[in-house]
Amino acid sequence: MARIVAGVGTSHVPAIGAAVDHAKTQEPYWKPVFDGMLPVKKRLAELQPDICIIVYNDHASRFGLDLIPTFALGVGAEFPPHDEGYGPRPVPAVQGDPDFGWHLAEALIKDEFDITIVNELTVDHGLTVPLSVAFGQPQAWPCKVIPLLVNVVQYPPPTGNRCFKLGQAIRRAVEAYPRDLKIAVFGTGGLSHQLQGERAGLINEAYDNKWLDALVDDPAEAARIGHVELIRETGSEGVECIMWLVMRGALNQEVSVSHRFYHVPVSNSAYGLLLLEDSTS
Ligand code: DHB
Ligand code: FE
């Protein structure tokens with residue numbers, strides 16, 4: 001049977017990917033950020049997940065206003081990096097797992113989550129930056145990847161609670177898969193940031209940390225927080241944090257925090273990183 005071995009929460013700030021691609025990670029601005037990621041890289045290298053389910057949002061790259069799936073699942077064999085304006089990132093192509101992807105689609109839809117199934121998918125910084133955070137710059141990514149997309153760009157996004165319940169359904173689906181695979185679930189995006197308008201540059205360190213506390217200790221409470229509060233407190237794009245609730249829902253109520261890191265600013269955003277594992281005691 002497949003099982004969930006870790007939950008990772010990470011912001012997916014595109015400048016992190018650019019720092020990796022342009023060999024800037026040891027420069028004074030970036031070194032503290034990349035040092036803060038090291039324990040996660042180390043622990044994931046020990047756990048060796050076979051598949052990472054990466055929950056992220058497309059930033060008007062593969063999708064646009066013509067097509068806005070609330071939840072979408074990539075079931076293809078390969079997902080090339082998207083050209084976001086500077087050429088595709090020089091990272092390996094992301095390998096999917098069609099058998100597990102179709103299993104997830106079937107299990108989630110039978111569990112009453114009406115997921116959009118995507119065969120052809122290019123992946124933007126929302127997915128490739130978390131891979132760089134977790135695995136650095138390998139020749140090939142060390143695991144298969146299932147992209148799970150959430151609409152947090154165009155109103156109305158799903159509620160935090162719906163995201164949390166989707167995570168719980170993902171756990172049921174994983175545990176119903178007969179192959180003996182280790183699965184990690186990544187929730188990405190956030191934390192506080194606003195990229196445009198009068199409040200551009202907004203960062204709310206106190207709220208972000210309070211929200212992280214709730215996510216770890218009382219996720220049902222974090223899931224009840226509405227979009228208006230999140231946008232007021234963490235900026236218009238801060239609402240991306242609801243995707244971390246999918247990851248949290250896939251874990252036990254009791255978790256241990258293997259690593260927690262927060263750094264401001266990263267570009268014009270807050271950077272948060274969390275590695276959770278199910279409590280064994
Ligand atoms: C930026 C973009 C993002 O998608 C994000 O989540 C954080 C920051 C940016 O353009 O700086
Ligand atoms: Fe984003």
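Here is how the numbers come out for the structure above:
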{"item": "Sequence ranges 163-171, 114-122, 85-93, ranked by mean other-Cβ count within 10 angstrom, highest first", "result": "163-171, 114-122, 85-93"}
{"item": "Heavy atoms of Asp35: accessible area, 1.4 Å probe, square angstrom to 10", "result": "60"}
{"item": "Percent antiparallel among DSSP beta bridges (both partners in the chain, rounded to 5)", "result": "50"}
{"item": "Length-normalised contact order for the range 3-278 - Cα pairs under 8 Å, 6+ apart - percent", "result": "31"}
{"item": "Integer Hz, Karplus 6.51/-1.76/1.60 couplings in order for the range 42-56, x for Gly and Pro", "result": "5, 5, 5, 5, 6, 6, 6, x, 7, 9, 10, 8, 10, 8, 8"}
{"item": "DSSP bridge pairs, the range 25-152: antiparallel proportion in percent, nearest 5", "result": "40"}
{"item": "Approximate spin-label separation Gln48-Ile231, in nm, with each point projected 7 Å along Cα-to-Cβ", "result": "4.6"}
{"item": "Gln137-Lys31 pseudo-label distance in nm [points 7 Å out on the Cα-to-Cβ vector]", "result": "1.7"}
{"item": "Lys/Arg +1, Asp/Glu -1 at C-beta; the range 1-80 dipole; positive extreme among Tyr29, Pro80, Leu67", "result": "Tyr29"}
{"item": "In nm, spacing of pseudo-spin labels at Ala93 and Ala60 (7 Å Cα→C-beta vector)", "result": "2.9"}
{"item": "Accessible area per residue, Å², the range 3-278 with all protein chains present, probe 1.4 Å", "result": "41"}
{"item": "Under-5 Å amide H pairs with Ile54, H placed in peptide plane, nonlocal only", "result": "Ile146, Leu148, Phe186"}
{"item": "Karplus 3J(HN,Hα) series, Hz, for the range 256-273 with 6.51 cos²θ - 1.76 cosθ + 1.60 (x for Gly, Pro)", "result": "9, 8, 6, 7, 9, 9, 9, 8, 10, x, 10, 6, 10, 9, 7, 10, x, 9"}
{"item": "Cut-off 18 Å (backbone N to label point 7 Å along Cα→Cβ of Glu254), residues of the range 204-229", "result": "216-220"}
{"item": "Highest-first arrangement of 226-236, 197-207, where packing means the average Cβ count within 10 Å", "result": "226-236, 197-207"}
{"item": "FRET efficiency estimate (nearest 0.05) - Cβ-Cβ, Asp111 to Arg3, R0 22 angstrom", "result": "0.80"}
{"item": "The range 89-228 - convex hull of alpha carbons, volume per residue in Å³", "result": "154"}
{"item": "Computed accessible area, Phe113, all protein chains, 1.4 angstrom probe, square angstrom", "result": "10"}
{"item": "Where Leu47, Leu195, Leu127 fall by accessible area, highest first, once all protein chains stay in place (1.4 Å)", "result": "Leu195, Leu47, Leu127"}
{"item": "Among Trp102, Ala18, Leu148 the positive-end extreme of the charge dipole of the chain (Cβ point charges)", "result": "Ala18"}
{"item": "Cα convex hull of the range 177-281, projected area averaged across orientations, nm²", "result": "7.6"}
{"item": "Highest-fluctuation residue, Glu27, Glu240, Glu78 considered, GNM on the chain with Cα pairs under 10 Å", "result": "Glu27"}
{"item": "Amide H within-cut-off set for Val94, under 5 Å, with H built and near neighbours excluded", "result": "Phe79"}
{"item": "Helical mean residue ellipticity (222 nm; -39500 (n - 2.57) per DSSP H run of 4+; nearest 500) of the chain", "result": "-10000 deg cm²/dmol"}
{"item": "Simple Cβ-charge dipole of the chain, Lys/Arg +1 and Asp/Glu -1, about Cα centre, in debye nearest 20", "result": "380"}
{"item": "Cα-only Debye scattering, the chain: base-10 log of I(q)/I(0) at q = 0.14, 0.17 Å⁻¹", "result": "-0.94, -1.52"}
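The values are calculated or read from the model by the stated rules, or taken from the named source; none is laboratory data. Here the structure is a predicted model, which is why all the values come from computation and not from measurement. FYI the Cβ positions are ideal-geometry reconstructions off the backbone, even for glycines, and counts take in every protein chain you see. Surface areas here come from the heavy atoms of the whole protein model, side chains and all, with no ligands, DNA or RNA. Shrake-Rupley method; radii C 1.70, N 1.55, O 1.52, S 1.80 Å.
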